[in-house]
């Protein structure tokens, strides 16, 4: 989705994979919690459908303010 701060597009699967890598490296998370997070993120990666209509990303970015206002 679109980053709310920067407006940049981040592919959901890429974001989940980055989070998975971060969780794997984070030693501050207890092992049992880390294992559960890894399982959940792995499942989320498997079940997240591929992005369709990438050509719409630029259109959405161009009209982001109007879209957000309409959703309020």
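Computed from Cα atoms, the angle from the helix 31-47 axis to the main principal axis of the chain rounds to 40 degrees. Using Cα atoms only, what is the angle between the long axis of helix 12-25 and the major principal axis of the chain, expressed in degrees (0 to 90) to the nearest 10? That helix lies at roughly 30 degrees to the long axis. Please identify which residues in the stretch 37-59 have an amide N closer than 14 Å to a label point set 7 Å out from the Cα of residue 9, following the Cα→Cβ vector. The answer is 50-59, whose backbone nitrogens lie closer than 14 Å to the label point. Across the chain, the mean sequence separation of Cα contacts (distance under 8 Å, 6 or more residues apart), normalised by length, yields a relative contact order of 31 percent. Peptide packing for 50-56, 61-67, 15-21 was compared via the average number of neighbouring C-beta atoms within 10 Å per residue; ordered from the highest value, the list is 15-21, 61-67, 50-56.
Calculate the tail of P(r) for the chain: the fraction of all Cα-Cα distances greater than 15 Å, expressed in %. Value for the chain: 63 percent of Cα pairs lie more than 15 Å apart.
Throughout, read-outs are computed from the coordinates displayed, never taken from laboratory work. Fair warning: this is a prediction, and the values are worked out from it, not measured in the lab. Cβ coordinates were reconstructed from backbone atoms using ideal geometry, including for glycine residues, and neighbour counts include every protein chain displayed.
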